[in-house]
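A.B. asks: Questions regarding the structure given below will be posed in turn.
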Amino acid sequence: MSARPVYSIVAPVYNEAGNLRRFYDEVVAALDSTGETWELLFVDDGSSDGSMEIMLGLAAADSRLSVIGLARNFGHQIAVTAGVDYARGQAVILIDADLQDPPAVIPRLIEKWKEGFHVVYAVRSERRGESIWKRLSAKLFYRLIHRITDIDIPVDTGDFRLMDEQVAQVLRQMREHHRFVRGMTSWVGFKQTGVEYAREQRYWGVTKYPLRKMIAFALDAVTSFSFFPLQIMIYVSFVLASASLVVGAVVAILRLARGEAFFGGQATTIVLLLLLSSFQLFFLFIIGQYVARTYNESRDRPLYVVASTIGLESARAPTQRAPVALAGERQAPEGGAEGTRNDGV
């Protein structure tokens, strides 16, 4: 097995054919400037636009590149997880291949790591080329998550970050299927800090996070780190109960005072029933989200299935079950130098 690199760059890829060559050039420029060893792990998440062929060509020309091909599209967060599982570096850097997160920022993350921080996350001070709706919805999402979750998740941060090997080891122990990686790295703890940068507009292609996926991602974030949606039910029930008592008292007083049937008729009853039913169905949906995630975890299926690996030594296996070491070199489980158990296939 080749010498262990100092840095592992994990880049999930899904239909990014037009970005890959430039992304590779910028990563090489950024990492070579450090004068230290590194590896770049491309994780192909079921691309269908020729991205795999481009990655294979790059890997054939540069031995520092490896390609992990997943059997289908498992989603961005799972692809990130697969890359972390295979990473061997003393620090693991997560970055998307769409060039919105500039590789030129990586040396600044490394500087903070060398100062003693275990997690260095990139904070988006500016979002170039994005619509007003995208900027506003993202701002609202990050602040909502920050307020209602049980941990301190920094606002305006994505998955672009550096993790020390100690944090990466803990992350490999966390095998939940509905993943929110930026929240998981915050949950781990250790010393963390941020580095501000301007997020660029896409160099090529379209976003892989349409509204539907954004909503699903937000649900994963909330249900993974907060019970607020469940807890809010009691407050809503108190409000509705109080409102019903007040309305009941008002109706009774008016009937006694006026001798007429105020608020009578079926229309009022139907409106009230529809209102209460909508609340009930909404909270049943919230409960269903938590129940569905519990059921999904109980099946204990692999997080991902690996179809092929290119540029990895034959003896090298994912390290997601490595014991957590709080200091020193990464420990390996029994049975292999880098671990033998694989939650992926």
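The values are calculated or read from the model by the stated rules, or taken from the named source; none is laboratory data. Remember, predicted model here, so these are calculated numbers, not experimental data. Quick reminder, even Gly has a Cβ in these numbers, built from the backbone with ideal geometry, and neighbours come from all protein chains shown. Side chains included, ligands, DNA and RNA excluded: accessible areas come from the protein's heavy atoms. Shrake-Rupley method; radii C 1.70, N 1.55, O 1.52, S 1.80 Å.
A.B. asks: Report Rg (one decimal) and Dmax (nearest whole number) for region 136-179, counting Cα atoms only, units Å.
C.D. replies: 12.7, 35
A.B. asks: At 0.36 nm per residue, minus the direct Cα-Cα distance, what do PHE190 and THR207 gain on full extension? Give it in nm, one decimal, please.
C.D. replies: Length gained between PHE190 and THR207: 2.9 nm.
A.B. asks: Next question, about the same structure. What ³J(HN,Hα) values, in whole Hz, does the Karplus curve 6.51 cos²θ - 1.76 cosθ + 1.60 give for region 294-309 when θ = phi - 60°, with x put for Gly and Pro?
C.D. replies: Working through the residues one at a time gives 5, 4, 4, 5, 5, 6, 6, 6, x, 5, 7, 10, 8, 8, 7, 10 Hz.
A.B. asks: Could you tell me which of GLY69, SER125, VAL43 has its Cα farthest along the dipole of region 34-145 towards the positive end, charges placed at Cβ (Lys, Arg +1; Asp, Glu -1), taken about the Cα centre?
C.D. replies: Of GLY69, SER125, VAL43, it is SER125.
A.B. asks: Now for a different question. How would you order 86-93, 138-145 from highest to lowest mean count of nearby Cβ atoms within 10 Å? Could the numbers behind the result be given before it?
C.D. replies: Details: 86-93: 23.9, 138-145: 15.9.
Top of the packing list down: 86-93, 138-145.
A.B. asks: In addition: Just the number, please: Stokes-Einstein D of region 55-213 in µm²/s, Kirkwood Rh from C-alpha pairs, 25 °C, 0.890 mPa s. Display every interim value, and only then the final one.
C.D. replies: Details: Rh = 16.8 Å.
Reported coefficient: 146 µm²/s.
A.B. asks: Ignoring ligands, DNA and RNA, please state the percent of accessible area on region 161-226 from carbon and sulfur, probe 1.4 Å. Provide the component values of the computation, followed by the final result.
C.D. replies: On the way: 1560 of 2710 Å².
Roughly 58 percent, rounded to a whole number.
A.B. asks: Alpha carbons only, please: Rg and Dmax for region 44-130, in angstrom.
C.D. replies: In Å, with Rg to one decimal and Dmax whole: 14.8, 41.
A.B. asks: Moving on to the next point. For GLU115, what accessible surface area do you get with a 1.4 Å probe? Give it in Å², rounded to 10.
C.D. replies: 110
A.B. asks: P(r) tail for region 156-232, what percent of Cα pairs lie past 18 Å?
C.D. replies: Beyond 18 Å sits 55 percent of the P(r) for region 156-232.
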